[in-house]
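These notes are about the structure you will find just below.
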Amino acid sequence: MIRIVIAEDQQLLLGAFGSLLDLEDDMEVVGKASNGEEAVALVRKLHPDVVIMDIEMPGKSGLEAAEELKDDDCKVIILTTFARSGYFQRALKAGVSGYFLKDSPSEDLANSIRSVMAGRRIYAPELIEEAYNVDTNPLTDREREVLELVADGKDTKEIADTLQIKTGTVRNYISVILDKLGVKN
């Protein structure tokens, strides 16, 4: 029997995923959480085989929880609406066993859980294509220049002086860069 914990902040989806998986003869949902903190606590208390987590949840996100559970025996599967390469890269670094999009066919979920339990890693095909396509850099040449200067430790004024633009323009570039990459800092 595959023991599962589900973490999803939308109660309707949490119930639906739980009911769907409980219909499988070889699966049992042993715990449900509405945020990453609860998910980590349930994994450590119940020792499930798999935890399925949404990314954006209140408090601790699914990615933060996955990072915290990296060294636990429980396999982590991300189930989200977000096909962002930044999220996917972070999930890979956290060692997740699967990353699926919520618009995938429902029958794929149980089969993917079985595949993960058999030792395979399963990721949404569109994310794999994007991760290995070097031509998908969303940043313009100027945004890359600004990002390189930020990476070199330059502050807003130093970047503005180097590129001969206003500091407000630098802040705008940084805001756009963060948004395009799907990161906070």
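I113 passes every criterion in (1) modelled with pLDDT under 90; (2) crowded, with 19+ Cβ neighbours inside 10 Å apart from (1).
Here's the yes/no breakdown for (1) under 23 Å from Y87 (Cα atoms); (2) within 27 Å of the chain's Cα centre (by Cα); (3) of a type in the set (D, E):
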{"residue": "E143", "(1), (2), (3)": "yes, yes, yes"}
{"residue": "L149", "(1), (2), (3)": "no, no, no"}
{"residue": "T156", "(1), (2), (3)": "no, no, no"}
{"residue": "I159", "(1), (2), (3)": "no, no, no"}
{"residue": "L163", "(1), (2), (3)": "no, no, no"}
{"residue": "K166", "(1), (2), (3)": "no, no, no"}
{"residue": "I174", "(1), (2), (3)": "yes, yes, no"}
{"residue": "L178", "(1), (2), (3)": "yes, yes, no"}
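Considering region 64-74, the residues that are open to solvent by less than 10 Å² (accessible area, probe 1.4 Å) and touching a Gly at 6+ places or on another chain (Cβ under 8 Å) include one that is farthest from V96 (Cα to Cα), namely A65.
Within region 143-156, the set of residues being closer than 16 Å to K180 by Cβ and open to solvent by 70 Å² or more (accessible area, probe 1.4 Å) comprises R144, E145, E148, A151. Taking region 53-64 as the range and being assigned to a helix (DSSP H, G or I) and farther than 23 Å from S104 by Cα as the test, only E64 passes. Region 69-185 holds helices (runs of 4 or more DSSP H) entirely within its bounds, and those carrying 3 or more residues that are closer than 22 Å to A39 by Cβ and of a type in the set (G, A, S) map to 106-117. Residue pairs whose Cβ atoms lie under 6 Å apart, separated by 6 or more positions or on different chains, with the first residue in region 31-42 and assigned to a helix (DSSP H, G or I) and the second open to solvent by 30 Å² or more (accessible area, probe 1.4 Å), are G36/K60; G36/E64; E37/G59; E37/K60; V40/E68.
Filter region 36-45 for residues that are surrounded by fewer than 20 Cβ atoms within 10 Å (Cβ to Cβ) and not hydrophobic (A, V, I, L, M, F, W, C) and give the result.
First, pick out the residues of region 36-45 that are surrounded by fewer than 20 Cβ atoms within 10 Å (Cβ to Cβ): 37-38, 41, 44-45.
Within region 36-45, E37, E38, R44, K45 qualify.
For region 7-35, what are the residues that are over 16 Å from N111 (Cα atoms) and open to solvent by less than 80 Å² (accessible area, probe 1.4 Å)? Within region 7-35, A7, E8, D9, L13, L14, G15, A16, V30, G31, A33, S34, N35 qualify. The selection criterion, being touching a strand residue (DSSP E or B) at 6+ places or on another chain (Cβ under 6 Å) and either surrounded by fewer than 17 Cβ atoms within 10 Å (Cβ to Cβ) or within 30 Å of P138 (Cβ to Cβ) (or both), holds for I77.
Against the numbered list (1) open to solvent by 10 Å² or more (accessible area, probe 1.4 Å); (2) within 18 Å of L181 (Cβ to Cβ); (3) in contact (Cβ under 8 Å) with a residue 40 or more places away in the chain, F88 comes up short only at (1).
Report yes if D49 is more than 14 Å from the chain's Cα centre (by Cα), open to solvent by 70 Å² or more (accessible area, probe 1.4 Å) and of a type in the set (D, E), otherwise no. No; evaluated as a whole, the condition is false for this residue.
For region 91-110, the set of residues classified as closer than 19 Å to E64 by Cβ and open to solvent by 50 Å² or more (accessible area, probe 1.4 Å) consists of L92, K93, listed by residue number.
The values are calculated or read from the model by the stated rules, or taken from the named source; none is laboratory data. This one's a predicted model, so the numbers in the text were calculated from it and none came from an experiment. For neighbour counting, all protein chains shown are included, and Cβ atoms are generated from backbone atoms with ideal geometry for every residue, glycine included. SASA here: full protein model, heavy atoms, side chains in, ligands and nucleic acids out. Shrake-Rupley method; radii C 1.70, N 1.55, O 1.52, S 1.80 Å.
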